[in-house]
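I have placed the structure first, in the form of structure tokens, so that the comments after it can refer back to it.
The values are calculated or read from the model by the stated rules, or taken from the named source; none is laboratory data. Every value quoted in this text rests on a predicted model; they were computed, and no experiment measured them. FYI the Cβ positions are ideal-geometry reconstructions off the backbone, even for glycines, and counts take in every protein chain you see. All accessible areas refer to the heavy atoms of the entire protein, side chains included, with ligands and DNA or RNA removed. Shrake-Rupley method; radii C 1.70, N 1.55, O 1.52, S 1.80 Å.
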Amino acid sequence: MHKNALISDILDTIEEQADKEEKFNVGDLLDAFGRRAHGPIIAVLGLVSASPIGAIPGASIFLGLLCLILAGQYALKDSPPSLPKFIRVCGVDGKRVASAIEKVRPYVSKLSFLFSERLTYMTQSPWAILTAILIAAFALSMVPLALVPGGVFIPSIALSIIGFAIAARDGLMLIITSSIGAIASAMLWFA
């Protein structure tokens, strides 16, 4: 696999699974990625929260809390994420998912050069605990920021970048995202 093909591979896996199912749900996403599911799911949840869906009252809070659950599981165990059944069965029309992926594919191909396997030890224990804390911080920040129109956009994008970095085993991107997050948090704190 070409090192820049990772994000395209994630989209291909999701699209392939969505084409098989009439209704594509969170459980299908978990099944498609297995043990590697933490990164892609966090990335997808972040992208959904950054989309207009995140503007629906309560949606970004719910998505942030899901990321918080996944962060805890990422820190504590090296196995597929486990989510409650009522979340696993939530889904949308499989054809719509496949159509949406086709629409974003050109943009993704332009951004895929950012991610590759670098500093991979940063995605393993004990560093995974620090990554999980970062995910939890961004996820928790979405709760108060949901009250501000567009307030969850930055933490949502940060969660997406972290999710893609976990999937790519890209420790350098995790460091960059952590630094930007720390600077943004300090700016908000002292503003």
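Our summary gives region 14-106 a relative contact order of 49 percent, counting only alpha carbon pairs under 8 angstrom and 6 or more residues apart. If the chain linking residue 129 and residue 183 were pulled fully straight, counting 0.36 nm for each residue of separation and taking away their Cα-Cα distance, it would gain 17.4 nm.
Taking all protein chains together and rolling a 1.4 Å probe, residue 62 ends up with roughly 90 Å² accessible. Each label was represented as a point 7 Å from its Cα along the Cα-to-Cβ direction; for residue 93 and residue 176 these points are 3.7 nm apart.
Max-minus-min Cα coordinates of region 1-137 on each principal axis give 40, 36, 27 Å, with the largest extent listed first. May I ask you to derive the FRET efficiency for residue 190 and residue 55 from their Cβ-Cβ distance with R0 = 41 Å, giving the value to the nearest 0.05? Working from the Cβ atoms, E equals 0.90.
Largest to smallest in accessible area, the residues 95, 85 fall in the order 85, 95 (1.4 Å probe, all protein chains included).
Taking every protein chain into account, the 1.4 Å probe leaves residue 74 with about 30 Å² of accessible area, to the nearest ten.
Computed from the mean reciprocal separation of all distinct C-alpha pairs, what Kirkwood hydrodynamic radius does region 7-66 have, in Å? Don't skip to the answer; put the middle values down first.
Details: mean 1/r = 0.0818 Å⁻¹.
Computed over region 7-66, the radius equals 12.2 Å.
Taken about its Cα centre, region 1-130 carries a charge dipole of roughly 280 debye when the Cβ of each Lys and Arg holds +1 and the Cβ of each Asp and Glu holds -1. Computed log10 I(q)/I(0) for region 130-188 at 0.20, 0.22, 0.29 Å⁻¹: -0.70, -0.83, -1.28, from the Debye equation with unit scatterers placed on every C-alpha and solvent omitted. For the chain, modelled as a GNM with alpha-carbon contacts under 10 angstrom, which of 137, 167, 158 fluctuates the most? Highest fluctuation among the options: 137.
Accessible surface comparison of 19, 170, 31, probe 1.4 Å, protein chains only, largest first: the order is 31, 19, 170.
Distance between the 7 Å Cα→Cβ label points at residue 147 and residue 116: 4.5 nm. Accessible surface area normalised per residue over the chain is 55 Å², counting heavy atoms of protein chains with a 1.4 Å rolling probe.
On the protein heavy atoms, probe 1.4 angstrom, tell me the percent of accessible surface of the chain carried by carbon and sulfur.
On the way: 7240 of 10450 Å².
Carbon with sulfur: 69 percent of the solvent-accessible area.
Rolling a 1.4 Å probe over the protein heavy atoms leaves residue 21 with an accessible area of roughly 70 Å².
The distance between label points at residue 77 and residue 102 comes to 3.8 nm (points 7 Å beyond Cα on the Cα→Cβ vector).
The distance from the alpha carbon centre of region 116-177 to that of region 2-71 is 14 Å, rounded to a whole number.
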